[in-house]
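Would you mind keeping the following structure in view while I ask a few things?
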Amino acid sequence: MQTVSSSNFGYLIAYLIPGWLVLQALALSSFGIVDGVSFASSTTIAGLLSSSLAALFWGMVASAIRWLVIDRVHSWTGIKPASWDFDRLSKNLDAYHALVAYQYQYYQFYANSIVAGWIAYLILIASGAKLGWVGHLAFVVVIGVFWGASRDTLSKYYRRLDEILAPKSMR
């Protein structure tokens, strides 16, 4: 089994953690959908593999919804990619990979977690969970913080990508 390293940490935070959030909501809900699939019940290799794949699935679902909704909202509200010169990519490949690892995958974590948070919140509400005003307030605060963090990391990613791939309009 591979250990967590700088080469796979971004994927862990971008997909598995948001997916885990959805799994936990499903496990806590009264629907009984994921009995035995949450990480807490993964005491065997098969259980760990099953729960990891389920978290990856939900993380990818969150990522697809993020692409469909959040990426577009950010674009509509002023955070837009430039028309980069990808002919410059080969000589800047190491910088590009570092930028993805240290900026874009954090954006994916924040934005995917917004989507996963909403999915988890709706699952809990639909299952009749009593969150109380503190639970609702905590949800709003965390989603708000992640929204701000997603905007910040995406705008920094685009700005730094401008530096290594010099948009054609800036030449």
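Every read-out reported here was derived from the displayed coordinates using simple, explicitly stated rules and does not represent laboratory data. Please read all numbers here as calculations on a predicted model, not as lab measurements. No Cβ is skipped: glycine too gets one built from the backbone with ideal geometry, and neighbour counts run over all protein chains shown.
Going by average Cβ neighbours within 10 Å, how do the peptides 89-98, 66-75, 116-125 rank, with the highest at the top? Each step should come with its number before you reach the end.
Details: 89-98: 12.5, 66-75: 15.6, 116-125: 19.6.
Going by the mean number of other Cβ atoms within 10 Å, highest first, we get 116-125, 66-75, 89-98.
How large is ³J(HN,Hα) for each residue in segment 138-145, as worked out from phi by the Karplus curve 6.51 cos²θ - 1.76 cosθ + 1.60 (θ = phi - 60°), to whole Hz, x for Gly and Pro?
Here the 3J(HN,Hα) series is 4, 4, 4, 5, 5, 4, x, 5 Hz.
While we're on this one: Of all the C-alpha pairs in segment 46-116, what % are more than 19 Å from each other? Kindly include the intermediate steps, with their values, before the conclusion.
Values: 1290 of 2485 pairs.
Of all Cα-Cα pairs in segment 46-116, 52 percent lie more than 19 Å apart.
Skipping prolines and chain starts, which residues have an amide H placed within reach, meaning under 5 Å, of the one on residue 131, given they are 5 or more residues away or on another chain?
Hits under the 5 Å cutoff: none.
Continuing with the same structure: Considering the options 149, 164, 126, tell which one lies farthest towards the positive end of the dipole of segment 110-171, charges being +1 on Lys and Arg and -1 on Asp and Glu at the Cβ, about the Cα centre.
Going by the charge dipole, the pick is 164.
Counting C-alpha atoms alone, how compact is segment 69-171: give Rg to one decimal and Dmax as a whole number, in angstrom.
17.5, 57
Per residue, how big is the convex hull of segment 99-143 when only Cα atoms are used? Give it in Å³. Mind dumping the intermediate values first?
Values: hull volume 2.5 nm³, N = 45.
So the per-residue Cα hull volume is 56 Å³.
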